[in-house]
Amino acid sequence: MNVIAEISRWAIPLLLLLIPVLAFLRKVPVYESFVAGAEDGFKTGVRILPFLIGMLLSIRVFVDSGALEIVSHWLQPLFGRLGLDPNFAAIIPLAIMRPLSGSGALGVATQLINQYGPDSYIGRLASTLQGSTDTTFFVLTVYFGSVGIKKYRYALKLGLLADLIGLIASVWIVTKTFY
C-alpha cells in the first residue's frame, strides 16, 4: 500500500475533525464561530459581486468582439522574430487570456491540448504556462475589491510583469527540458 496515497486520502477528513475538536477543547464556541465566519463570508461575497460582474462582462466583450484574435495576430510577428517555433502563435491567446480569467484560460489550454496533443510542444507549453502565471485581473478585482483597495496601479504593473516573466520562463523551461 502506498503510504503517501493513504496520507493524502485521510488528510482533509482528519483536519476537518481535528480543528473543531481542538477548538471545543479550548472552549471556543465552535458553532457560533462558524456562523459568524459564514456571515462575514456572505457579506464579502455581496461586496465583491459588482467587481466580479464587471470583470466577467469585460472579458466576455473582449473575447466575443474578436479583440483577442486581433491582439494575438498583432503579436505573432514579434514572437516570430524571437526565433520561436512557428506553432508558438497558437499559445498567444492563452498568454493573453491567462491574466484575465482562469476559467477562460483553462478553456483555451484545453483546446490547445486537444488540438496539438498533451505531449506536443504547444501542449506542454500550455500546461506549463497555466502553472507559471496567475489571473492578475481577477486577483485585483476580487481580492483588492473585497478589502476596499482602490489604488492598485503598482500591483497591476507588477502582476503583469510577473505574468510576462512566467511566459518567458515557461517557453525557456519547455524548450530546454523537452526539445
| said: Between a residue in segment 71-96 that is in a loop (DSSP other than H, G, I, E, B) and any residue that is of a type in the set (Phe, Trp, Tyr) and at pLDDT 80 or above, which pairs come within a Cβ distance under 7 Å, given they are 6 or more apart or on different chains? | reply: 85/121
| query | Of all residues in segment 154-174 being touching a residue at least 24 places away in the same chain (Cβ under 8 Å) and over 17 Å from the mean Cα position of the chain (by Cα), which is farthest from residue 125 (Cα to Cα)? | reply | 173
| Among 99, 20, which is the only one that is in contact with a helix residue (DSSP H, G or I) (Cβ under 8 Å, 6 or more places away or on another chain), not in a helix (DSSP H, G or I) and not polar (S, T, N, Q)? | 99
| request: For residues that are in contact with a Pro (Cβ under 6 Å, 6 or more places away or on another chain) and surrounded by fewer than 12 Cβ atoms within 10 Å (Cβ to Cβ), tally how many sit in segment 146-179. | output: 0
| request: Answer yes if at least one residue in segment 153-176 is assigned to a loop (DSSP other than H, G, I, E, B), closer than 22 Å to residue 48 by Cα, at pLDDT 90 or above and not aliphatic (A, V, I, L, M), and no otherwise. | output: no
| Looking at 37, 54, 83, which one is exposed (fewer than 10 other Cβ atoms within 10 Å of the Cβ) and either farther than 19 Å from residue 170 by Cβ or not charged (D, E, K, R) (or both)? | 83
| said: Please verify whether residue 28 is within 30 Å of residue 147 (Cβ to Cβ), in a loop (DSSP other than H, G, I, E, B) and β-branched (Val, Ile, Thr), treating the condition exactly as stated. | reply: yes
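The values are calculated or read from the model by the stated rules, or taken from the named source; none is laboratory data. Values in this document were obtained by computation on a predicted structure and should not be read as measured data. Please note: Cβ atoms are built from the backbone with ideal geometry, for glycine as well, and neighbour counts cover all protein chains shown.
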